[in-house]
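The values are calculated or read from the model by the stated rules, or taken from the named source; none is laboratory data. Predicted, not measured: the structure shown is a model, and the values here were computed from it. Please note: Cβ atoms are built from the backbone with ideal geometry, for glycine as well, and neighbour counts cover all protein chains shown.
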């Protein structure tokens, strides 16, 4: 398996078990699809295993395509059993109040499924929970649906019909038919948002979970607190820089000066470390752009101008020159010869 930059993000393998189970209920032989996505179906039932989030998202997108159903991720919640995500799932199910549920969710979501953003703000009028994933995860729509449905399944135990007072904003593309999202999640749902967001009225925060086991919740909280958040090894500046550059090409492509400041070392020291590793800041940026360009051209329908922006180039001509240097052909030619189903 060729490791990509996106493979640095991981998710609990147990989440894949319900996806496969639902696919099989549709008559789809899911195991070969998983292997084609470089996933091992044998580990899906092991709650201690972790797999690539990007490859799981690809797996879900492939199954949705085979099923001919853009709502595959949302419907796959039917294939999940209690405890598929281990202490995280049991903790959510046994949170005493909505406030406890949200705080547990916000504190631990990044451990079960690595996120780029995961914030919770509780104000006088509402609680605002936001989350999103790395821009390296290109195909996340089905996964966003699944994860949101899992959370709302539990939240409905607290709120009942008041679940429709919760406002939900999803970054996934708006489906042709939104009725299932409104049925399984909330009537108050919108799409094409910049990040995923859940806004809960403040007067709902103290609502009690009738099925909660406070002692079990405390135990699950302790178990989750003992799990560290995974981060790129700070002792490996090359890996840390490559990771950071890939995530920030579109917003503000990092420089030697900015990275040395972020890593807490002088530009001269960082330059020496990169030279010792046989690379340079410019080479790392170029490598990241090349890998991301290949994925964006072959796996998405984004326009060439949009891809130019996402790669941090100042103009399409600069992107074209780099593509010819990387691939021996223009971006349009590369896309034509390497097009994959999204």
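Looking only at residues in segment 72-97 that are within 20 Å of residue 19 (Cβ to Cβ) and not in a helix (DSSP H, G or I), which one is modelled with the lowest pLDDT?
Among residues in segment 72-97 that are within 20 Å of residue 19 (Cβ to Cβ) and not in a helix (DSSP H, G or I), the one modelled with the lowest pLDDT is 83.
Mind checking whether some residue in segment 304-324 is under 20 Å from residue 140 (Cα atoms), surrounded by fewer than 17 Cβ atoms within 10 Å (Cβ to Cβ) and without any contact (Cβ under 8 Å) to a residue 12 or more places away in the chain?
Yes, there is a match, as at least one residue in segment 304-324 is under 20 Å from residue 140 (Cα atoms), surrounded by fewer than 17 Cβ atoms within 10 Å (Cβ to Cβ) and without any contact (Cβ under 8 Å) to a residue 12 or more places away in the chain.
Within segment 16-53, count every residue that is in contact (Cβ under 8 Å) with a residue 60 or more places away in the chain and in contact with a strand residue (DSSP E or B) (Cβ under 9 Å, 6 or more places away or on another chain).
Total satisfying the criteria: 1.
State which residue is nearest to the chain's Cα centre (by Cα) when the search covers only segment 1-36 and only residues that are surrounded by fewer than 20 Cβ atoms within 10 Å (Cβ to Cβ) and part of a loop (DSSP other than H, G, I, E, B). Working first, answer last.
We begin by selecting, within segment 1-36, every residue surrounded by fewer than 20 Cβ atoms within 10 Å (Cβ to Cβ); these are 1-5, 7, 10, 21, 24-29, 31-32, 35-36.
Among the residues that remain, those that are also part of a loop (DSSP other than H, G, I, E, B) are: 1-4, 26-29.
Details: 1: 21, 2: 20, 3: 17, 4: 15, 26: 25, 27: 27, 28: 25, 29: 25 Å.
Checked segment 1-36; the qualifying residue nearest to the chain's Cα centre (by Cα) is 4.
Could you say whether any residue in segment 55-71 is touching a residue at least 40 places away in the same chain (Cβ under 8 Å), in contact with a strand residue (DSSP E or B) (Cβ under 7 Å, 6 or more places away or on another chain) and either outside any helix (DSSP H, G or I) or closer than 26 Å to residue 22 by Cα (or both)?
Yes: segment 55-71 contains one or more residues that are touching a residue at least 40 places away in the same chain (Cβ under 8 Å), in contact with a strand residue (DSSP E or B) (Cβ under 7 Å, 6 or more places away or on another chain) and either outside any helix (DSSP H, G or I) or closer than 26 Å to residue 22 by Cα (or both).
Quick check, is residue 95 surrounded by fewer than 21 Cβ atoms within 10 Å (Cβ to Cβ), under 25 Å from residue 205 (Cα atoms) and out of contact with any strand residue (DSSP E or B) (no Cβ under 6 Å at 6 or more places or on another chain)?
On the way: surrounded by fewer than 21 Cβ atoms within 10 Å (Cβ to Cβ): no; under 25 Å from residue 205 (Cα atoms): yes; out of contact with any strand residue (DSSP E or B) (no Cβ under 6 Å at 6 or more places or on another chain): yes.
So residue 95 does not fit the description; no.
Collect the residues in segment 110-125 that are out of contact with any helix residue (DSSP H, G or I) (no Cβ under 8 Å at 6 or more places or on another chain) and in contact (Cβ under 8 Å) with a residue 12 or more places away in the chain, keeping them in residue-number order.
Initially, segment 110-125 is screened for residues out of contact with any helix residue (DSSP H, G or I) (no Cβ under 8 Å at 6 or more places or on another chain), giving 110, 117, 121.
Passing the criteria: 110, 117.
Can you tell me which of (1) over 19 Å from residue 153 (Cβ atoms); (2) not assigned by TED's automatic domain parsing to the domain that holds residue 203 is the one residue 15 doesn't meet?
It fails just one condition, (1).
I'm told residue 220 meets every condition in (1) over 18 Å from the mean Cα position of the chain (by Cα); (2) farther than 25 Å from residue 51 by Cβ; (3) surrounded by 15 or more Cβ atoms within 10 Å (Cβ to Cβ); (4) assigned by TED's automatic domain parsing to the domain that holds residue 129 except one. Can you identify the failing condition by its number?
(2)
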